[in-house]
Amino acid sequence: MTGPLERVLTAFLADPAAPRYGYDLMKAARLPSGTLYPLLARLEHQKLVASAWETPQQDGQRPRKYYQLTAEGIRVARLELAQASARRRRAPARPGHPAPGSLG
Amino acid sequence: MKGERQLLRLGEVLVGWACQRLPPEVREERCREWAAELPAILHDPQVRPAPRRAARMLAYAADTLRGTALAPGSTRRRSPRMFAALDQLFPVAGLVVVALNIWKIVQAPGNMENYLWMLWGLLLVAYLTRKRVSPAGRMTALLGISATLALGAVFLGNAAQAPEDWVNYFFAALLILPLLVGLPLAWWLRSVQARIGGRHAAPSDPWTF
């Protein structure tokens, strides 16, 4: 698992029930848009994340798209993060480098 | 905020460019999504002062360009036939410039201008070749900047030889000034983006799970 993916999943799991906008996730996961959106697209393609458009607001603001982990996404995210944490405990990685044997 | 509409418009233009690289089936939705985030970033109450919000919004829009350039399925807008022909023609023209100036250097080794033209031809060919392999790569950008600077140097050299001819100053300024403004701006936007969260982003393909 890559570092950005780990941070996105951690951000989602902070409140799995809460719908999150792309910009909120950027701030929470500390990822730039060019990294976050491809990740979200991939997670959505794997049906781990679901997205929906908010209802148009009266003040003329354009509706935004929000994302939420699916039930399967919550399960996989918890599992992946637990595994990543266990891997880190077994083999401490250098900062910025994935631990040996990790998916990232 | 003063100039808010113009800023939003600029952000939308950047997002529009990014969307052009996406596959047609997702293009419109992504474009709508990213464009809708721009005013939200520009009005984010957690970020102060206003110029910081503006920088964030522009960094957000600019980074969508990077993201779509990295996407394996990204598609550029189909070039009209004329542009496709130019794509083939430019490297040939670059090689012709190199050959011609090698011949000129042999004839008059003391003329600095010929060396600059040859350097520009070589850099142009290298840039165009590299662009085909890695359109968004760092080396491609470096070669493009170097080629532009070399051409600017050619015009500056001409201006030194013929100070009364304003055309040389004009073309030198046209080539060099955008770089002088654009490069620090790009560096600044990059640092802003890193502060938002790009500092620890993986340098590898972000589409990799």
**Study point:** Residue match in region A:77-95 (condition: at pLDDT below 95, within 12 Å of another protein chain (Cβ to nearest Cβ) and either touching an Asp or Glu at 6+ places or on another chain (Cβ under 6 Å) or loosely packed, with under 11 Cβ neighbours inside 10 Å (or both))
**Key:** yes
Practice item. Identify, from the list B:VAL15, B:VAL26, B:VAL47, the residue that is part of a helix (DSSP H, G or I) and at pLDDT below 90. Key: B:VAL26
Exercise for review: Could you tell me whether region A:3-22 includes any residue that is at the interface with chain B (Cβ under 10 Å from one of its Cβ atoms), touching a residue at least 40 places away in the same chain (Cβ under 8 Å) and not in a helix (DSSP H, G or I)?
Suggested key: yes
Practice item. Could you please give the count of residues in region B:86-136 that are surrounded by 14 or more Cβ atoms within 10 Å (Cβ to Cβ), polar (S, T, N, Q) and farther than 20 Å from B:ASN168 by Cβ? Key: 0
Check your understanding: Are any residues in region B:36-49 out of contact with any Phe, Trp or Tyr (no Cβ under 9 Å at 6 or more places or on another chain) and more than 7 Å from chain A (Cβ to nearest Cβ), and if so, which ones?
Key -> B:LEU42, B:HIS43, B:PRO45, B:GLN46, B:VAL47, B:ARG48, B:PRO49
Revision key, fill the gap. Inside region B:20-35, the number of residues satisfying the requirement of being more than 8 Å from chain A (Cβ to nearest Cβ) and within 21 Å of B:ALA54 (Cα to Cα) is 1
**Study point:** Residue that is nearest to the other protein chains (Cβ to nearest Cβ) [pool: residues in region A:31-75 that are surrounded by fewer than 19 Cβ atoms within 10 Å (Cβ to Cβ) and charged (D, E, K, R)]
**Key:** A:ARG62
Practice item. Would you check if there is a residue in region A:65-81 being closer than 23 Å to B:TRP34 by Cα and assigned to a loop (DSSP other than H, G, I, E, B)? Key: yes
Review point. Which residue pairs have Cβ atoms closer than 9 Å, lie 6 or more positions apart in sequence or on different chains, and pair a first residue in region B:152-178 that is of a type in the set (A, V, I, L, M) with a second residue that is not in a helix (DSSP H, G or I)?
Key: B:ALA159/B:ASP165
Review point. So which residues in region B:137-178 are surrounded by 15 or more Cβ atoms within 10 Å (Cβ to Cβ) and within 13 Å of the chain's Cα centre (by Cα)?
Key: B:THR140, B:ALA141, B:LEU143, B:GLY144, B:ILE145, B:SER146, B:ALA147, B:THR148, B:LEU175
Practice item. Mind listing whichever residues of region B:42-65 are more than 14 Å from B:GLU4 (Cβ to Cβ) and in contact with a Lys or Arg (Cβ under 6 Å, 6 or more places away or on another chain)? Key: B:VAL47
Practice item. Report the residue count in region B:50-68 for those that are more than 10 Å from every other protein chain (Cβ to nearest Cβ), more than 15 Å from B:LEU185 (Cβ to Cβ) and crowded, with 19+ Cβ neighbours inside 10 Å. Key: 1
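The values are calculated or read from the model by the stated rules, or taken from the named source; none is laboratory data. For clarity, every value in this text was computed on a predicted model and none was experimentally measured. All Cβ positions, even for glycine, are placed from backbone atoms using ideal geometry, and neighbour counts span all protein chains on display.
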